[in-house]
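Okay, structure first, notes after.
Derivation of every value follows stated rules applied to the coordinates shown; laboratory data play no part. These numbers come from a predicted model, not from an experiment. Heads up, the Cβs are rebuilt from the backbone with ideal geometry, glycines too, and the neighbour counts pull from every protein chain shown.
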Amino acid sequence: MLKTKKFKEFMEPLDKRIDAVERFLRKFKRGLVYQVVPISDMYGPTITDDKLEALMVSKETLKGGGMVNQERANRNLPPLTIEVINVISPTETQVDEVSLKISSTFIRQYLSEQAQNSVKLPAAAAVLTAEEH
């Protein structure tokens, strides 16, 4: 799946990404039962695990949720409850989603642009600057 990702060279290692998701989930709701697993295709464990009950999707990935349930039906598994998560604003209840959306691709693109625009100092100059302060 990573072969087609834009700016993939700016992705954090898998273990760091899993840790970040788990930290978010612990802050989000204590006692929430979850399992964070790496996936190598668009379905992951959703089409093989009969104990799964729900799938959280965004408006952008809602179609994929339907595809998951179709594939589960093909495999005689019960459908998952599909929960759609909207963009969340810290200050407003009605927001323009396009203006608030920050995707992982956008963040990686930003990091790429920053790396291209930064001035590269010679190693000796960087050490000198650090010692002066």
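Per-residue extension of 0.36 nm, minus the Cα-Cα distance of residue 25 and residue 113, leaves a gain of 28.7 nm for this segment.
Label sites at residue 35 and residue 104, each approximated as a point 7 angstrom past Cα along Cα to Cβ, lie 2.0 nm apart. Calculate, for residue 8 and residue 76, the FRET efficiency according to 1/(1 + (r/R0)^6) with r their C-beta to C-beta distance and R0 30 Å; round to the nearest 0.05. The value I calculate is 0.25.
Counting other beta carbons within 10 Å of each residue's own, what order do 28, 106, 7 fall into, fewest first?
Numbers: 28 9, 106 12, 7 17.
So the ranking, lowest neighbour count to highest, is 28, 106, 7.
Any chance you could run the full-extension gain for residue 15 through residue 56? It's 0.36 nm times the residue separation minus the Cα-Cα distance, nm to one decimal.
Net length gain for the segment: 12.6 nm.
Taken along its three principal axes, the alpha carbon spread of the range 40-89 comes to 38, 20, 16 Å, from the longest extent down to the shortest.
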